[in-house]
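Structure, as C-alpha cells:
What follows is calculated from the coordinates using simple rules that are stated; it is not laboratory data. Note that the structure is predicted; figures quoted are calculated from it, not measured. Neighbour counts are summed over all protein chains in view; Cβ atoms, including those assigned to glycine, are modelled from backbone coordinates with ideal geometry.
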Amino acid sequence: MTLPTDAQQLAEQVSAHMYANDAASQALGATVLSVEPGKARMGMTVRADMLNGHKTCHGGFIFALADSTFAFACNSRNLPTVAAGCSIDYVAPAFEGDQLEAIATEYNLAGRTGVYDVEVLNQNGQRIAIFRGRSYRLRGAVVEESQSN
C-alpha cells in the first residue's frame, strides 16, 4: 500500500504509527487530540503519582507532555525529526486531577532545522508552561511505504 498524498492524512498516519510505538507518552497517559502538518495537540490528566513534595505536578511530567507534543508536530510531515534542544518556562502550578493540554505550533522550518512553540494549558485555559523546541531532521521517513496500511 502507498502512503497518502494528502498532507493531513499523512500527518494522521504518521501520528498513529508514532503513538503505537511511543511507550513514554502512553505511560504518561498522554493522548494525541489532533495533528496536522506542523501542529499537534495532546492531553494528559495529572495523577497522584505525578505530584512533587508541594502536591503540585512535577515539572518533569509537564516537560514530558510538551516534549511529546513537540515530537508529534515536528514529525507530522513523515520526515524523521529529533530534538536538538528545548527549554521550558513554568508559569503556574498544575494539580492532581487537572486536565492538561499541550498545543505545539511550528514557528519556523528551514532546511533540516525547525523551531516549535508549545503552550501547556489546564482545563480552565490557564497557561501552565511555555516550551520552545529546536528540531533537526534526519534522513528517511517515519512511516515507510511497506509500513503503511
Residue count for the range 19-47, restricted to those that are over 11 Å from the mean Cα position of the chain (by Cα), under 24 Å from residue 141 (Cβ atoms) and assigned to a helix (DSSP H, G or I): 4
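In the range 78-95, is there at least one residue being under 18 Å from residue 34 (Cβ atoms) and not hydrophobic (A, V, I, L, M, F, W, C)? Give the derivation first.
Taking the range 78-95 and keeping what is under 18 Å from residue 34 (Cβ atoms), we get 78.
Filter once more, keeping what is not hydrophobic (A, V, I, L, M, F, W, C): 78.
Yes, the conditions are met somewhere in the range 78-95.
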Counted residues, the range 68-114 - those being without any contact (Cβ under 8 Å) to a residue 24 or more places away in the chain and either of a type in the set (S, T, N, Q) or crowded, with 16+ Cβ neighbours inside 10 Å (or both): 1
Looking only at the range 17-51, and only at residues there that are in contact with a strand residue (DSSP E or B) (Cβ under 7 Å, 6 or more places away or on another chain) and among the basic types (Lys, Arg), the one that is farthest from residue 117 (Cα to Cα): 41
Unique match (being under 22 Å from residue 5 (Cα atoms) and touching a helix residue (DSSP H, G or I) at 6+ places or on another chain (Cβ under 8 Å)) among 135, 76, 68: 76
